[in-house]
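For reference, the structure discussed in these notes is given below.
Derivation of every value follows stated rules applied to the coordinates shown; laboratory data play no part. These numbers come from a predicted model, not from an experiment. We place every Cβ from the backbone using ideal geometry, glycine too, and count neighbours over all the protein chains shown.
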Amino acid sequence: MNGKQLIRSLLLPLVMAVPALAFAAAVPGEKAPAFSEADAAGKTHALSDYAGQWLVIEWFNKDCPYVRKHYGSGNMQALQDKYTGRDINWLTVISSAKGKQGYLEPAQALKVAESHKLNASAPFLLDADGSMGRAYGAKTTPHMFIINPEGVVVYAGAIDDNDSANPAVIPDSKNYVAAALDASLGGEVIAVASSRAYGCSVKY
Amino acid sequence: MSVFKWVARYILFALSIAAGGAFAQDSASGDHVRVRWLAPDSFAVGETETIGFYFEVDPGWHVYWRNAGDSGAAPRFDFSSDGAGIGEIQWPFPTRLPIEHLTNLGYEGNVAYLFDVTPAAGAEKLSLNVNLEWLVCKIDCIPGFGTMSLERPVGTAGRWNGGDRALRDQFAQRIPRPGSASPWRTVSLSESGAEKVRLTLEGSGESPRVFPLDGNLLTATQPALRTDGDRMDYTFARVPGAPRSAATGFVLTDGERAWQFDEIPFTAAPVAPPEVENTALWWLLLAAFAGGVILNLMPCVFPVLSIKLFGLVDRGAAVHGRLREGLMYSAGSIATFAALGALLLALRAGGAAVGWGFQLQSAPVVLALVLLFWLMALSFSGVFEFGHRLMNLAGSSRGGSFATGVLAVFVAAPCTGPFMGAALGAAAVLPAASAMAIFLGLGAGLAAPFLLLSASPVLLERLPAPGPWMETLRQLLAFPLYATVIWLLWVLGRLLGDSGWLIGTLLLLAVVFALWLGRSFARWGRAAGYLVAVAALITAFGALRAPDEDRQLAGSAWQPYDKAIIDRARAGGRAVFIDYTAAWCITCQVNKKLVLESQSVMELFQSHDVLLVRADWTERDPEITGALAELGRNSVPVYAWYPPGAEKPELLPQILQERMIAALFSGENILQLTEDDTP
């Protein structure tokens, strides 16, 4: 062992410590954080699988009143249906830790996907260790992210501009996700690229 | 509850609204919440009255402010009236509610949301209908809905039930007043990089708590606070990617009253008067440089550098050759400081709570340093040749000089000397470029004396001529290194518990054994020696594990750090002394043994009933890092003294003396007793 190796052995733990400590976030205008998570059917999805395509990521917790607002009214499923029909990928993620509200085993998740008439591109991504949620800085359910074909985040925030839990307000709300996707597909600039994500805290 | 049941509830709710006043009532309730009116029994003709909704919330549950923070939602009130004039909802100032990974803005306990109402002209009674929606959360959240109506006569004079009026007044006191009446003045609001927004206030007294009005722009997380005289900088985290508005608002509170600044315009650049800022940075850089120079004399660095220097004399190299050595050494030292600075900044950007000396909070790094110092000490003693080779390497090739520079920084890590504290503390909060400049200043300071000697033949000639005495001196210098090994083993013990000692000493034994094998049995011995050394290294580093039980403070008068206990003591008018320390901080240990735990000082503390707190930063601790940041520091030692009833602490110098502690109780100004290290 020479001096250089000694020094390398000193530096290594320092360098290794960086990714473990950093709490990153998906920021509009910046590259989307990488992820790799299995869905309820066991298929693994990674950011790289969606290179060159549009991707919407949605955080979900079946017992959160705000998630119920958008699923009970059929609003979220209608959005999923509309945009997956235009070749936009849509992943719905559960980051609830085991034992916390909203946690689902794969078999339960498949049932919930069916009972909720989930129209996403895959059954729920199960992120029980919270790694994907933390990488994206997902704070609430439903927290929404849109990633463009270049892998850049173009929207992060709430689904719409009304943080009421009452589904009756949906028709009069301005849907940020739909607006951002419509603007992008029409070649226009996204007017609102960031908003306060309302809803329940993600149960890491 | 299934989605469909839940929707059914909404339909019922919608029906109840559709049925008009039929179900309307004086109060509303839902899970964990009851709402009732705070209103007079009768209103006075033509007079505006402040009335409200009183939310009684179960303990541990919360309802929210107008900006609910990272999650949650403010209550909503949808009024209809028979012509009475109804004002905007007035929101009492909130508190920060940390909930798991988020921060919300809301209320602990019951709260009243108020508004102004003026009876319609000529009306004999006042009637109001309100549809309410609220969200109540503990960790999980439950939305609530209700309708409430109010019918009251309008007479010549208003009449209140006394208890309700007092309750109304109590919350009216917490409604923000116009900012122009506040004790603070806004100096500027500016962007600080893409991720932060800085609000600068000016005013005397304790710093207010500040809440942002716009949750789309700023997160609710507690802003970092830096004070400089009457000036206070609050640095808020921005919602990722949020576009900058032209202006934004804040509510300030001193804990009793509150003031609202609605539209503070953003200024283009940080507004602090530029010459002040420059002078401050200039002084900090000077302090950093001086701190770096002093590091050369620290017991952990001195032996390494002296040997290197004598190597230079011995070889009698040409001037330009020596200069090159000096420059390579400087490059090594500055580059390593730059790397550490970059790492610290990266961690800071990632939100991790770290500070100087953070390298020594990692057990593998400490064990590696133990090994390094052990090998150096053995080679200084002449026990084995490898050291000569290391030193030859260091003395002959350029890579070697660079490596010595790197080495010097690493061995200097534990020795936060005078002048360094203020500079490093500032580096923790300054913008990245200035912070990096401070690290480079430290590196330059560390490199300067050696560079000067290697560049100047005159100075070098003044050093004694080479001779056998150098061998003796080198052997003598081994002893501070052995001492450093012992101290680092103790640090390892603090990090890992008893097993730290065992792992460390067994590794040292194995290394010496491997060396002996290599020397005594020629070729096969050397192979076996390598084998033993590698096996020992793998076993030792693999065995590093944190202790299961928390470290206990050796049963003493010192309490572990607990903010609640400190706040209670201060509120009760008790003096508090906080020793921010770490096992790996040698200055801290010296102060502790020589001053803080000396008999006379302990007696002084006891006779004045001082709460003694030891904030142990040996391992990474976000709470203590945060407390240090509030004091404008990010290194230890820091000694904070809160006189009875004082609002702000006095910071004592980093090198303590007994008379400074005595001065705390005799009323002398401690800063005059010694040269302060802050510039």
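What the table shows:
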quantity: Size of charge dipole - region B:179-265 - debye, nearest 20, with Cβ of Lys, Arg +1 and Asp, Glu -1, no other charges; calculated: 180
quantity: Estimated FRET transfer efficiency when R0 is 56 angstrom, pair B:Asp562-A:Ser115 (beta carbons, to 0.05); calculated: 0.75
quantity: Linear extension gain, B:Glu461 paired with B:Ala646, 0.36 nm per residue minus alpha-carbon span; calculated: 60.9 nm
quantity: By average C-beta atoms within 10 angstrom, highest first, the peptides A:146-154, B:201-209, B:129-137; calculated: B:129-137, A:146-154, B:201-209
quantity: Inter-site label distance for A:Arg86 and B:Ala535 at 7 Å from Cα along Cβ, in nm; calculated: 6.8
quantity: Estimated [θ] at 222 nm from DSSP helical runs (n ≥ 4, -39500 (n - 2.57)) normalised by residues in chain A, nearest 500; calculated: -9000 deg cm²/dmol
quantity: Whole-number D in µm² s⁻¹ for chain A, Kirkwood Cα-pair radius fed into Stokes-Einstein, 37 °C, 0.692 mPa s; calculated: 185
quantity: B:Glu108/B:Leu631 FRET efficiency (R0 22 Å; Cβ-Cβ; nearest 0.05); calculated: 0.25
quantity: Those aspartates and glutamates that a straight Cα-Cα span of less than 14 Å connects to A:Lys174, excepting residues fewer than 8 apart in one chain; calculated: A:Asp160, A:Asp161, A:Asp163, A:Asp182
quantity: Simple Cβ-charge dipole of region A:38-201, Lys/Arg +1 and Asp/Glu -1, about Cα centre, in debye nearest 20; calculated: 420
quantity: Neighbouring partner chain Cβ atoms per residue of B:235-242, average, 10 Å criterion; calculated: 6
quantity: Calculated FRET efficiency for the pair B:Ala346/B:Leu594, C-beta based, R₀ 30 Å, to 0.05; calculated: 0.20
quantity: Computed lengthening from B:Asp31 to B:Arg519, 0.36 nm per intervening residue step minus Cα-Cα distance; calculated: 167.8 nm
quantity: Inter-chain shielding of A:150-161 (mean C-beta neighbours from other protein chains, 10 Å cut-off); calculated: 1
quantity: Backbone N within region A:114-157 under 13 Å of label point (7 Å from B:Ala194 Cα along the Cβ vector); calculated: A:152-155
quantity: Sequence-distant aspartates and glutamates (8 or more away, or on other chains) whose Cα lies within less than 19 Å of A:Lys31; calculated: A:Asp49, A:Glu58, A:Glu150, B:Glu195
quantity: Alpha-carbon Rg/Rh ratio, for region B:179-265, with Rh computed the Kirkwood way; calculated: 0.93
quantity: Whether region B:3-173 is rounded, prolate or oblate, judged on the alpha carbon gyration tensor where a/c under 1.5 counts as rounded; calculated: oblate
quantity: For region B:45-60, Karplus couplings with θ = phi - 60° (6.51, -1.76, 1.60), whole Hz, Gly/Pro x; calculated: 4, x, 9, 7, 10, 8, 10, x, 9, 9, 9, 9, 10, 4, x, x
quantity: Gain on full stretching of the segment that runs from B:Ala338 to B:Glu471 - 0.36 nm per residue minus C-alpha separation; calculated: 44.4 nm
quantity: Separation in nanometres of the label points that stand 7 Å from Cα toward Cβ, at A:Gln53 and A:Asp182; calculated: 2.5
quantity: Distance (nanometres) between label positions extended 7 Å along Cα→Cβ at B:Asp116 and B:Met602; calculated: 6.4
